[in-house]
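Engineer: Below is a structure I'd like to ask you about.
The values are calculated or read from the model by the stated rules, or taken from the named source; none is laboratory data. Just so you know, these numbers come straight off a predicted model, no measurement behind them. Please note: Cβ atoms are built from the backbone with ideal geometry, for glycine as well, and neighbour counts cover all protein chains shown. What goes into the accessible areas is simple: the full protein's heavy atoms, side chains included, and nothing from ligands, DNA or RNA. Shrake-Rupley method; radii C 1.70, N 1.55, O 1.52, S 1.80 Å.
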Amino acid sequence: MAKEQLTPMMVQYLNTKDEYPDCILFYRLGDFYEMFFDDAIKASKALEITLTGKDCGMKERAPMCGVPFHSASVYIAKLIDKGYKVAICEQVEDPKTAKGIVKREVIRVVTPGTIIDEALLDEKNNNYLAVICSSAGKFGIAVSDISTGEIYTTEVETNDMVMNEIARYEPREILLDSVTAKETANDIELRFRVIPDERDDEFFSDENGESIILKQFGKQNLSELNISGRYASIKAISAMLRYLEHTQKSGLSYINTLTSYEVNMYMDIDMSTRRNLEITETMRDKAKKGSLLWVLDKTKTSMGARMLKQWVEKPLINPIEINKRLYSVKELADNMMLRDDLGAILAETYDISRIISRLSLATATPRDLVSLKLTLTKLPELEMALSATKSPILSGISKNFDILADVRNLLDTAISDEPPVNIKDGGVIKAGFNEEIDNLRLAMTDGKKWLASLEAEERQATGIAKLKIGYNKVFGYYIEVTKSNIKDVPDTYIRKQTLANCERYITPKLKEVENTILGASEKVISLEGYIFEQVRQSVVLEIERLKRAANIIAVTDTLCSLAEVACRNNYTMPKIEEPGILEITEGRHPVVEKMSADTMFVPNDTKLNTDDDRMIIITGPNMAGKSTYMRQTALITLMAQIGSFVPAKSARIGVVDRIFTRVGASDDISSGQSTFMLEMTEVSNILKNATKNSLIILDEIGRGTSTFDGLSIAWAVVEYIQNKKKIGAKTLFATHYHELTELEERLEGVKNYRIAVKKRGDDITFLRKIVRGGADDSYGIEVAALAGVPHEVITGAKKILKKIENDEITTAGKTDIKEEAPQNQIGFADSTANEIADELRMLDVTTLTPIEAMNTLYKLVNKAKEI
Ligand code: ADP
Ligand code: MG
């Protein structure tokens, strides 16, 4: 496009747009943000707003659409949600005083991973941006939440590990370098519902990386940050800082701590295990309700809710660290009074983590400062409540407790208790804080008093009893006299406006008073803005102390939540041991017992170790409770390593380095893809990565293929895992292949268990109890009957089973089955077809309502499917 022909405004627009090619540019024009050209076309579709045009100097009008500036955040939210980035371009000069075209600048770029607007954030979830790149044969990962000022980094070796780390955070925005993109972009898009953004080499340039980082975190050398020699990490962090600066355009001073960790500091939970165990969301509908986090979250603050989620996503490995948490939870669980006191205090705090970020980025409102003050006001009570605690974390907090009295005092004296949202509305600064503001306000109220006395004086002088002083935006203050009294108006009045039944006048005296009042109110507003900014800056200087206070609130809340949950649900404190042992007495599934509160949950024991009880093979009919039992063992282990009490009578948990779960193809409802391949990929992942300190849950693997293939694979997998030289990990293996029970005899460390079932005649009852020994029968036919499979099919199945058992059909010679089965099927088909025909004949179509017709048809179609 030839810019010469364009209007100056369009030239300015296009120059700005050139700098932000990947964003939708919100260009401020008066009371609107306008979008042009491609942006307008995209945005009008995404936002469902009208596309119009604007003369731009060329023949064709430029496509244009716009949104009102005061409701922009709603539209921005929509665009962000659809994966767009939005660059906000504001007028940076006063249009009244500007010469030529008003200067405009992009003041912020909003991207999915860098949101700070409260309205766009979910209070209980962190909002993460991730940067991943490769260097020196490793992947560097940096993750930040700028709404809370957190930043984390680690390095990993493989693609799989990259995916597993991302799964911990579920970032909203992911930036990749070209190498990483080649290997992981597809997977990321497929699994995380985020389209990764591949950036060029310049974005990841090594230049100045180190000094950018050192400057940001105020350090002399990288070892103070734990990242010396970690080139991939350094590359990722420096790229992230550059990106944040590019998008935020203002100080990132509040991002002043960096957490660099080794992946093996936390329990490794791969992506499909996270999903299978439903740790933070359910598999089926991705809801929090029904997940482990849902059971554990009784937090009273958003900061606590986010921290609890982080704990759940990063279970610990180090027994000392785990015990610190457990003993703190215990102290709170044992002391209901303390818990209640803390709960009451916490409930009155605000999300100061996010307020702090908004303060640093200068988007905080006066009300944010009041929320901050109210929160700080609670700190002395919090200190008091914690002062007598003895457990490691709590007593640690209560030592050196900083109640931030200076900051609280400043806010209390400077900011009104109930300020408006907008500084421009006035009344933000408290009386007594600034003399000039007080004087100006006095002038304003005095002015109003003068007006009242002026009105009285004029009435007296003119003898017009109904004379009034009024105000409108166009003429300012005026004297109003009704038509009938005009004859008494003195010559000194200057007529300004004539209305239907009155006239409006001004006088020099009136204008004088007006100038004082209006002048003062304008001055007050600008002075208030200035003082507010000063207060903001002084508070920002104390950011490190404020962040510590935020952290104290979050940790206390998280521990209280775990204690509360422990008491309400009758959990017990697990005993943390060195790796190897896993002994749970009367364990329960934390979620299932909550979800089906009307049925009694039957507790079960688990005994696993690295010797005789390494592998448990569980057989039993469908629906007996195998999956539930295995998951409960995994969840109890996980909970213990989070620092939570566990649903059991007692538990000895040797820390595990990883938990793996693999659920057989047909049980895996949500993935919906060719599952046998996926199943085997994941089995191979387990076999490659499990160690003797891992916990493995295999739920009916081998299902996705033919019986004999499946059985052989399952058999070989058991042998491999059981072998101490290969893996020797603690394993729970549920299977419908009864042949596997033979392994107990053949391999050491393997034990058979089954879920007890009571059979009376043709009826079976699930007892939900796990007992030693293999299942004698799969009860498949009985379960089918329970599920409501038609009687004829059940009897048919029984006949075939009899024949198989009597060797009339040999399972080895598959052809025999094929020949037998169709004959029977024809029998079923005939009778079912007859039934359908009968039902159709009986129908009276003329009297059927549409709904009844639908229902009947649905029933018949289902019947027909059985044929
Ligand atoms: P399986 O894997 O053997 O087919 P599941 O573990 O899926 O069986 O359990 C089936 C249902 O039985 C679960 O949805 C749950 O409601 C119930 N259940 C399982 N274990 C128990 C238990 N210990 N106590 C009570 N109900 C249970
Ligand atoms: Mg199952």
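Engineer: Please find, within the stretch 612-622, the residue that is nearest to ligand 1 (Cβ to nearest atom) out of those that are of a type in the set (A, V, I, L, M) and touching a helix residue (DSSP H, G or I) at 6+ places or on another chain (Cβ under 6 Å).
Structural biologist: My answer is Ile618.
Engineer: Got a number for residues in the stretch 749-799 being of a type in the set (Phe, Trp, Tyr) and part of a strand (DSSP E or B)?
Structural biologist: 2
Engineer: Please enumerate the residues belonging to the stretch 60-109 that are of a type in the set (Phe, Trp, Tyr) and farther than 16 Å from Ser44 by Cβ.
Structural biologist: Selection gives Phe69 alone.
Engineer: Checking the conditions here, which among Ser228, Ser250 is over 27 Å from Ile659 (Cβ atoms), open to solvent by less than 50 Å² (accessible area, probe 1.4 Å) and part of a loop (DSSP other than H, G, I, E, B)?
Structural biologist: Matching residue, one of Ser228, Ser250: Ser250.
Engineer: Also, quick follow-up: Select from the stretch 627-648 the residues that are open to solvent by 10 Å² or more (accessible area, probe 1.4 Å) and in a helix (DSSP H, G or I) and write down the one among them that is farthest from ligand 1 (Cβ to nearest atom).
Structural biologist: Here the residue is Arg631.
Engineer: Determine, yes or no, whether Asp598 is farther than 24 Å from Ile269 by Cβ, open to solvent by 10 Å² or more (accessible area, probe 1.4 Å) and more than 12 Å from ligand 1 (Cβ to nearest atom).
Structural biologist: When the stated conditions are applied, Asp598 does not pass them.
Engineer: Quick one: count up the residues across the stretch 676-701 that are within 16 Å of ligand 2 (Cβ to nearest atom) and either open to solvent by 40 Å² or more (accessible area, probe 1.4 Å) or touching a Pro at 6+ places or on another chain (Cβ under 7 Å) (or both).
Structural biologist: So the answer is 0.
Engineer: Further question on the same structure: Could you grab me the full set of residues in the stretch 412-468 that are touching a residue at least 24 places away in the same chain (Cβ under 8 Å), outside any strand (DSSP E or B) and aliphatic (A, V, I, L, M)?
Structural biologist: Ala414, Val421, Ile423, Val428, Ile437, Leu440, Ala443, Met444, Leu451, Leu454, Ala461, Ile464
Engineer: Does the stretch 665-688 contain any residue that is closer than 20 Å to Ala624 by Cβ, modelled with pLDDT of 90 or more and in contact with a Gly (Cβ under 7 Å, 6 or more places away or on another chain)?
Structural biologist: No, because not a single residue in the stretch 665-688 is closer than 20 Å to Ala624 by Cβ, modelled with pLDDT of 90 or more and in contact with a Gly (Cβ under 7 Å, 6 or more places away or on another chain).
Engineer: Among the residues of the stretch 568-594, which ones are at pLDDT below 95, loosely packed, with under 15 Cβ neighbours inside 10 Å and over 30 Å from Gly728 (Cβ atoms)?
Structural biologist: Scanning the stretch 568-594 gives no hits.
Engineer: Please count how many residues of the stretch 417-429 are surrounded by fewer than 17 Cβ atoms within 10 Å (Cβ to Cβ) and on the phi < 0 side of the Ramachandran plot.
Structural biologist: So the count comes out to 7.
Engineer: Say whether the condition of being polar (S, T, N, Q) and either under 31 Å from the mean Cα position of the chain (by Cα) or under 21 Å from Ser302 (Cβ atoms) (or both) is met by at least one residue in the stretch 379-390.
Structural biologist: No: the stretch 379-390 contains no residue that is polar (S, T, N, Q) and either under 31 Å from the mean Cα position of the chain (by Cα) or under 21 Å from Ser302 (Cβ atoms) (or both).
Engineer: Looking at Pro196 and the list (1) touching a residue at least 24 places away in the same chain (Cβ under 8 Å); (2) crowded, with 19+ Cβ neighbours inside 10 Å, which single condition is not satisfied?
Structural biologist: Unmet for Pro196, out of (1) touching a residue at least 24 places away in the same chain (Cβ under 8 Å); (2) crowded, with 19+ Cβ neighbours inside 10 Å: (1).
Per-residue answers, yes or no, for (1) assigned to a loop (DSSP other than H, G, I, E, B); (2) among the aliphatic types (A, V, I, L, M); (3) open to solvent by 80 Å² or more (accessible area, probe 1.4 Å); (4) at pLDDT 85 or above:
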| residue | (1), (2), (3), (4) |
| --- | --- |
| Glu60 | yes, no, yes, no |
| Pro63 | no, no, no, yes |
| Val67 | no, yes, no, yes |
| Ala72 | no, yes, no, yes |
| Tyr75 | no, no, no, yes |
| Ile80 | no, yes, no, yes |
| Glu90 | no, no, no, yes |
| Lys96 | yes, no, yes, no |
| Lys99 | yes, no, yes, no |
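Engineer: For the stretch 489-504, how many residues are among the charged types (D, E, K, R) and at pLDDT 90 or above?
Structural biologist: Of the residues in that region, 3 qualify.
Engineer: Working only within the stretch 728-752, note down all residues that are more than 44 Å from the chain's Cα centre (by Cα) and open to solvent by 10 Å² or more (accessible area, probe 1.4 Å).
Structural biologist: Glu739, Glu742, Glu744, Glu745, Arg746, Leu747, Glu748
Engineer: Please identify the pairs in which a residue from the stretch 16-36 that is of a type in the set (A, V, I, L, M) has its Cβ atom under 6 Å from the Cβ atom of a residue that is open to solvent by 10 Å² or more (accessible area, probe 1.4 Å), counting only partners at least 6 apart or on another chain.
Structural biologist: Ile24/Tyr84; Leu25/Lys17
Engineer: Can you confirm whether the stretch 303-316 contains a residue that is part of a helix (DSSP H, G or I) and open to solvent by 70 Å² or more (accessible area, probe 1.4 Å)?
Structural biologist: The answer is no, given that none of the residues of the stretch 303-316 is part of a helix (DSSP H, G or I) and open to solvent by 70 Å² or more (accessible area, probe 1.4 Å).
Engineer: Here's a follow-up. Take the residues in the stretch 338-358 that are of a type in the set (A, V, I, L, M, F, W, C) and without any contact (Cβ under 8 Å) to a residue 24 or more places away in the chain; name whichever of them is surrounded by the most Cβ atoms within 10 Å (Cβ to Cβ).
Structural biologist: Once the filter is applied, the top-ranked residue is Ile355.
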